[in-house]
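Have a look at the structure below, then the notes.
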Amino acid sequence: MSTFFALLDLTAPLFMLIGAGYVLTRSGRWPLVAADALTRFVFSIAIPMLLFRLMSDFAREPRVDARLLVAFFGGCFIVYAIGRLAAFAIFRMDGAAQSVFAMGGIFANNVLLGVPLAKVTLGEAALPAVSLILVFNSLVLWTLATVSVEWARHRDFSPTGLVRTLVGVIRNPIVASILIGTAFGFTGLMLPSFVDQTLVLVSQAAIPLSLIALGMGLAGFGVKSSWGISGAIAFAKLVLHPLAVYLLARALDLPALETAAVVMLAALPIGANVYLMSRQFDVLTGPVASGIVLTTVLAALTTPLVLTLCRAPL
C-alpha cells in the first residue's frame with residue numbers, strides 16, 4: 001500500500017493539471033479554439049522536441065528489448081478480439097461498430113499522458129521503450145481499425161488506403177521526431193550547446209502543457225449517453241488491456257523496467273484517436289466520447305494501482 005500511495009502522490013499533480021485545463025475551458029475562460037491551438041503546439045512542437053532530444057542519444061543508450069513490442073501489441077490483439085466478441089454477443093453491434101468498440105479498449109492516450117507519466121514514475125530510462133511503442137502504435141492500430149471496418153462494410157480493403165495510412169503515420173510529428181532523433185544519434189554527432197539548451201527549455205514546458213491541453217480537449221467531449229457501452233469500453237481499457245500486456249510480459253520474461261513501461265502504457269485512458277475513428281466511421285461517437293472522459297477520471301486511481309501491482313513480486 002505504501003507503494004500505491006507514493007505513486008498516487010507522484011501522479012496526482014499530473015491529473016491536477018488535466019483538471020485545471022478542463023475547468024479553464026468548461027468555465028468559458030478559454031474557448032475551445034485556444035485549446036485546439038495549444039494542443040497543436042504541444043503535439044507538433046513541444047513533445048516532438050522533447051522526444052528528438054531524448055532519441056538523439058539513443059545510440060549511446062542500452063538497447064531496448066524488442067520483446068516489449070510483442071508484449072504490448074500481443075495484448076492489444078487479444079483484447080481487441082475479446083472486444084469484438086463482446087460487442088457482437090452483448091450489444092449486437094455490426095462490424096464497423098464492433099471495430100470501434102474494440103479499438104476503445106486498446107488505443108490509449110500514449111502521447112499527451114503516457115510520456116509525462118513515464119518520465120515522472122519510471123524516469124527517463126523508460127522513455128526509449130515508450131518511444132518504440134509510440135513509433136508503431138498509430139501505424140499498427142490505425143491499420144487494424146481501417147482494415148477491420150472496411151472488411152466489415154465491403155469485404156475488401158484497398159492497398160492504396162494502407163499506403164496512405166503508412167505515409168500519414170510517418171509524417172506524424174511524434175513519429176518523425178523519434179525517427180529523426182534516432183538517426184541523428186547513430187551519426188555519433190553531438191548537438192551544439194545552444195541547440196541542446198533550447199530543446200531543454202521547450203522540453204521542460206512540454207509535460208505540463210501537454211496535460212493542460214489534454215484537460216482542455218476533454219472539455220470539448222462533454223458527457224453523453226450510452227453509459228453501459230462506455231463502461232464496457234472503460235473496463236476493457238483499464239482492466240483487460242493492462243492485464244493482458246502484463247501476463248505476456250511475464251511470459252516473455254521482460255526486464256522489470258520494460259514490463260512496467262508497457263503495462264503503464266496499456267493502463268492509460270482511451271486516446272482521442274478513437275473519437276476520431278468513431279467520427280470517421282460514423283459509429284459510437286457518443287459512447288466513445290463518454291468513455292474518454294470516464295477513463296481519464298478513473299485513471300487517476302487505476303494507473304498508480306496498476307503500477308503498484310506490476311512492481312509487486314509474484
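Averaged over every viewing direction, what's the projected area of the C-alpha convex hull for the chain? Give it in nm², one decimal, please.
Working: hull surface 66.5 nm².
Its average projected convex-hull area is 16.6 nm².
Using Cα atoms only, what is the angle between the long axis of helix 127-154 and the major principal axis of the chain, expressed in degrees (0 to 90) to the nearest 10?
Roughly 20 degrees between the two axes.
Take the alpha carbon atoms of the range 7-38, find their center, do the same for the range 229-253, and report the distance between the two centers in whole angstrom.
That distance is 27 Å.
What is the angle, in °, between the Cα long axis of helix 256-266 and the longest principal axis of the Cα atoms in the chain? Nearest 10 is fine, range 0 to 90.
The angle comes out near 40 degrees.
Mind checking which of VAL262, VAL64, VAL245 has the largest fluctuation in a GNM of the chain, springs on alpha carbons under 10 Å?
VAL64
Quick check: the angle from helix 32-41's long axis to the longest principal axis of the chain, C-alpha only, nearest 10 degrees?
In the chain, helix 32-41 runs at an angle near 50 degrees to the longest axis.
Picking from VAL163, ALA244, LEU191, whose Cα lies most toward the positive end of the charge dipole for the chain (charges on Cβ: Lys, Arg +1; Asp, Glu -1)?
VAL163
In a Gaussian network model over the chain where Cα atoms closer than 10 Å are linked, find which of THR296, THR39, THR160 has the largest mean-square fluctuation.
Between THR296, THR39, THR160, it is THR160 that shows the largest mean-square fluctuation.
Read phi for every residue in the range 112-123 and hand back ³J(HN,Hα) as whole Hz from Karplus 6.51 cos²θ - 1.76 cosθ + 1.60, θ = phi - 60°, with x for Gly and Pro.
The phi angles translate into 5, 10, x, 4, x, 5, 4, 5, 6, 8, 10, x Hz.
Report Rg(Cα)/(2.2 N^0.38 Å) for the range 234-290, keeping two decimals.
On the way: Rg = 14.1 Å, N = 57, 2.2 N^0.38 = 10.2 Å.
Compactness ratio reported: 1.38.
So what is the calculated 222 nm ellipticity per residue for the chain, using -39500 (n - 2.57) for each DSSP H run with n of 4 or more, over all residues, to the nearest 500 deg cm²/dmol?
Numbers: 15 runs with 236 residues, N = 314.
Result for the chain: -25000 deg cm²/dmol, rounded to the nearest 500.
At 7 Å along Cα-to-Cβ for each site, give me the label-to-label distance between ALA176 and ARG29 in nm.
Those two pseudo-labels are separated by 3.4 nm.
Grab the eigenvalues of the alpha-carbon gyration tensor for the range 1-123, scale each by 5, take roots, and send me the semi-axes largest first in whole angstrom. All intermediate terms of the calculation are to be shown ahead of the outcome.
Values: eigenvalues 166, 125, 64 Å².
Semi-axes, largest first: 29, 25, 18 Å.
Starting from 0 in steps of 5 Å, tell me what percent of the Cα-Cα pairs of the range 197-314 lands in each bin.
2, 11, 17, 18, 16, 15, 11, 7, 2, 0
Once you charge only the Cβ atoms, +1 for Lys and Arg and -1 for Asp and Glu, what is the size of the charge dipole of the range 2-311 about its Cα centre, to the nearest 20 debye? Walk me through the intermediate numbers first.
Values: 19 positive and 13 negative charges, 95 e Å.
Dipole size: approximately 460 debye.
Read-outs: derived from the displayed coordinates by stated rules, not from any lab. For clarity, every value in this text was computed on a predicted model and none was experimentally measured. Virtual Cβ from ideal backbone geometry, glycine too; neighbours counted across all protein chains shown.
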